[in-house]
């Protein structure tokens with residue numbers, strides 16, 4: 001293999017690894033923030049030791065610290081005990097339970113002219129999903145611009161890019177990468193880093209604090225890597 005072909009092969013391999021890291025990490029964090037913690041899910045986190053080596057941005061200070069906090073918090077707790085404690089913190093942070101929501105997980109609260117739900121940004125995000133044949137799991141019950149859904153959507157776009165790259169479809173690959181950049185710039189990067197800082201400040205558990213730090217660090221890395229910083 002000559003030098004030019006070798007360089008191209010290395011670049012493609014690196015890109016595939018980057019995209020796979022996006023898919024795995026963003027899917028994990030999306031699920032973490034979108035759904036209530038369940039013992040079976042926590043059991044899977046512990047058995048697979050998912051916070052030992054996050055396959056993207058592990059050298060970033062926030063990501064590294066977040067991984068350590070989440071992993072240490074889970075250590076030594078039963079899945080049921082962990083779920084019970086995390087559910088209480090989840091409600092405090094993201095639901096409110098009849099009280100002030102400490103870290104509202106919806107984009108429109110952070111970026112609209114009035115900090116309310118179901119604003120223009122919500123519809124814009126819904127339209128993004130629709131372009132790719134997706135519908136929010138709880139459409140009509142939960143605003144489409146929930147942080148968990150937005151993270152999972154970025155993971156979906158990364159998956160489309162990876163699929164196109166593996167098939168050698170450069171046009172589709174570029175379209176998926178451009179879509180990812182646009183969605184990050186128009187939506188995610190406008191509010192998720194600030195939101196993650198609020199979670200880190202208000203979380204009672206190091207699990208959610210750690211996941212918030214991972215999220216903040218991850219999007220700093222993605223913004224720089226994809227040229228949308």
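The values are calculated or read from the model by the stated rules, or taken from the named source; none is laboratory data. From a predicted model like this one, the values you see are computed outputs, not experimental measurements. Cβ placement follows ideal geometry from the backbone for every residue including glycine, while neighbour counts extend to all protein chains displayed.
Structural remarks
- Of the helices (runs of 4 or more DSSP H) lying entirely inside the stretch 17-114, those carrying at least 3 residues that are modelled with pLDDT of 95 or more and surrounded by 14 or more Cβ atoms within 10 Å (Cβ to Cβ) are 39-47, 61-74, 79-90.
- Residue 176 under 20 Å from residue 125 (Cα atoms), part of a helix (DSSP H, G or I) and in contact with a helix residue (DSSP H, G or I) (Cβ under 9 Å, 6 or more places away or on another chain): yes
- Residue in the stretch 125-135 that is closer than 15 Å to residue 198 by Cα, in a loop (DSSP other than H, G, I, E, B) and at pLDDT 90 or above present: no
- Residue 157, sole failed condition from (1) part of a helix (DSSP H, G or I); (2) closer than 19 Å to residue 66 by Cβ: (2)
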